[in-house]
Amino acid sequence: MDVGYAYPIVFELLPDAADVVAAKCRNGTRVRLAFADPDCAHVVERDALEQMNGTLAGRIRNALSMLGALADTSGCEIGLHTVHLYNSVFRFDDQMIVTPYLVRARGYQHTALHLRKLSPHGMFSSFADQVEQIWGSVAPYSEGVVHGQTA
């Protein structure tokens with residue numbers, strides 16, 4: 001389960017990431033990806049905070065365009081959220097990477113925290129709960145379509 005804005009480190013730096021994830025899904029892995037809705041107000045605000053000069057929405061659309069067949073792969077759910085995130089969360093069973101927001105830093109400059117689930121309480125559970133709350137609000141993403149327009 002991942003909740004973030006655009007996942008550029010995944011889809012831009014690893015060109016076969018969608019194919020790798022699709023293969024994992026076909027072998028029984030459940031994947032959920034929640035991208036920021038590129039047309040929501042929080043994307044515009046985050047773009048300004050990170051001084052990206054209006055490029056964040058385009059980066060999200062670019063990442064969505066790199067999903068390929070992953071959008072139609074059984075076991076993979078993709079959605080768009082409108083939550084103003086202060087971190088991205090990449091969860092893998094009982095481990096996760098959390099990237100807390102640093103003022104005026106761009107996504108790739110944010111600190112990465114590696115968390116492990118050691119008990120039903122604590123930091124891991126807090127972030128896991130946040131991810132589930134956000135996932136409960138996502139709108140399903142249809143391949144190539146955001147608000148009736150091509151991503």
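Tabulated data
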item	result
Net charge contributed by nearby residues that have their C-beta within less than 10 Å of Asp2 (K/R +1, D/E -1)	+2
Residue range of the chain that is longest and free of GluC sites (Glu not before Pro) which are both DSSP loop and sparsely packed (at most 15 other C-beta within 10 Å)	13-142
Cα gyration tensor shape for region 1-44, rounded if a/c is under 1.5, else prolate or oblate	oblate
With at most 12 other Cβ atoms within 10 Å, longest stretch of the chain clear of loop trypsin sites (Lys or Arg not before Pro) (DSSP)	31-103
Percent of Cα pairs exceeding the 16 Å cut-off, where the set is region 71-114	53 percent
Per residue, in Å², the accessible surface of the chain once ligands and nucleic acids are set aside, probe 1.4 Å	55 Å²
Sulfur and carbon atoms: percent of accessible area, the chain [1.4 Å]	54 percent
Distant-in-sequence amide H partners of Glu77 (H built 1.01 Å from N, under 5 Å)	Val31, Arg32, Leu33
Rg/Rh (Cα only; Kirkwood hydrodynamic radius) as it applies to the chain	0.94
Radius 11 Å from Cβ of Leu115, net charge of other residues (Lys, Arg +1; Asp, Glu -1)	+2
Length-normalised contact order of region 1-140 in % [C-alpha pairs under 8 Å, at least 6 apart]	28 percent
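The values are calculated or read from the model by the stated rules, or taken from the named source; none is laboratory data. Note that this is a predicted model, so its numbers are computed, not measured. Methodologically, a virtual Cβ is constructed for each residue, glycine included, from the backbone with ideal geometry; neighbour enumeration extends over all protein chains shown. These area figures cover heavy atoms from the full protein model, side chains too; ligands, DNA and RNA do not enter into them. Shrake-Rupley method; radii C 1.70, N 1.55, O 1.52, S 1.80 Å.
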